[in-house]
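Step one of this worksheet: look at the structure below.
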Amino acid sequence: MSELERDRREIASVLQQPGVRPDPDLKITRRTFLHRSCLTGAATVAQTFAWWPLINTMDVAFGAEAPFKFAWISDTHLYPKSLNTRFVDKTVRAAKEVQAMNPPADFLIFGGDLAQLGKVEELELGNELLKEIKIRKVFIPGEHDWYLDMGKKYGELFGQPHWSFDHKGVRFIGLDTVSRAPDYWSMKKMSAEERMAHMSVLDGTVAGPWAGVGRDQLDWMSKTLSTWDRNRPVIIFSHNPLYEYYPPWNFWVRDWRDVHEILKPFTKVTNIHGHVHQVLYNEIGSMRSIGMLATSWPWPYAPEGVPKLTKPMIRVDPGDPYDGVGWSKFDMPADDKVSTEYIMWGRKQVFAQSTEDSKANIPEILRPRIADNMYPY
Ligand SMILES: [Fe+2]
Ligand SMILES: [Fe+2]
């Protein structure tokens, strides 16, 4: 049995106790759309019809006091403009689209990896570009923002890397899952640039399993939640997923057991995370977990450990920098639902009409190109 398989079985034995499930009141509805490709404009429609989910939307029933929306952008991985404007252009586009939301989102969460190599000019560039968005903005760090100066510039620009606030009946928590890598640099006398270079690769060759929450932050989280009713909704933002998906790429936090121990009594927990740059969904114990798109590039799915509940997005067009990337919208309407919509940019517009479960009866032009086609309804 591989080490990963052993870890996986351990997770199952710890968390998947008989009867432990996400709150049955939290119903997930995935919307699917009848897809047909559209060549240009409305005149010529290719004769291709298929059941093809275009966006992964999830409706989660919960007790928000009033309807509201918020938006997520992450993993912009900005280089200085003089070096590369491709990622700049995509950040600008996401910012404009968030700002154009009507009605406006209540706030934007930026989920980390604003910069590529943690440079002052990269972080400042990101801060400038996001000024296009006038609504409230909150930030959590990614490893690319941190390991050049160990969070100094990030802190100057965005403040504390972890925080919590209450909004319309929901407790929101922002976690820092990146700053607690074991010190592998001092003994080797690495320069700050060398350290950052190691942290900026997906497999963390030297840094190993660096993603974690840390004892001090776990204690803080426990204290923060001690004043919150166990049946009220909690939404936790983190850069890395709060469960084990694939440790070699730090698609996890190494202290996931402690995180879940704290969350166990709460019935309506949703974790929204970045870092994986892909459509991802999982349920662990009573927690639901949703992975977000990057604006920069899509990572492939890991060779093992993709959650069974994930409907993977299909492989993107490598010639199209706007394929498989984008941002996300969260809509919390009055009927006590949370709708998550991936705004996945694509080269082609997709002409689609919704099936009966979307309640829409007219064809729509959807920006997302593809969510997946693996498990058609
Ligand atoms: Fe990233
Ligand atoms: Fe990351």
By the Kirkwood definition, with r running over pairs of different Cα atoms, segment 63-199 has a hydrodynamic radius in Å of 15.9 Å
Quick check: residue separation of Asp317 and Ser226 times 0.36 nm, minus the Cα distance between them. What number comes out in nm? 28.1 nm
Between segment 230-255 and segment 64-139, the Cα center-to-center distance that results, in Å: 22 Å
Return the lysines within reach of Lys153: Cα separation strictly under 21 angstrom, same-chain partners fewer than 8 residues apart disregarded; answer none if there are no such residues. Lys81, Lys119, Lys131, Lys137
Most exposed to least, judged by fewest other Cβ atoms within 10 Å, Ser238, Ser191, Ser82 sort to Ser82, Ser191, Ser238
Please give the residues of segment 279-295, grouped as numeric ranges, whose backbone N is less than 20 Å from a label point set 7 Å along the Cα-to-Cβ vector of Leu202. 279-282, 290-295
Within 10 Å, Cβ to Cβ, of Trp185, how many net charges do the neighbouring residues add up to if Lys/Arg are +1 and Asp/Glu are -1? +1
Count charges around Ser289 for me, please; just the other residues with Cβ under 12 Å from its Cβ, Lys/Arg as +1, Asp/Glu as -1. -1
Neighbour-count ranking [beta-carbon atoms within 10 angstrom, fewest first] of Ser289, Ser164: Ser164, Ser289
Could you give the nm distance between label points at Asp89 and Leu309, where each point is 7 Å from its Cα heading toward the beta carbon? 3.8 nm
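Between beta-carbons, use under 11 Å as the cut-off and find the net charge around Ile135, counting Lys and Arg +1, Asp and Glu -1. Intermediate values should be presented prior to the final figure.
Working: positive: Lys69, Lys134, Arg136, Lys137; negative: Asp106, Glu132.
Net charge in that neighbourhood comes out at +2.
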Using the basic label-point model (7 angstrom from Cα toward the beta carbon), what is the Val120 to Met150 distance in nanometres? 1.8 nm
For segment 184-274, what's the radius of gyration and Dmax over Cα atoms, in angstrom? 15.7, 49
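Please order Leu125, Leu78, Leu242, Leu157 by the number of other Cβ within 10 Å, starting at the fewest.
Result, fewest neighbours first: Leu157, Leu125, Leu242, Leu78.
Coordinate-derived values only; no laboratory data. Since the model is a prediction, treat every value here as computed from it, not as a measurement. All Cβ positions, glycine included, derive from the backbone under ideal geometry; neighbour counts span all protein chains shown.
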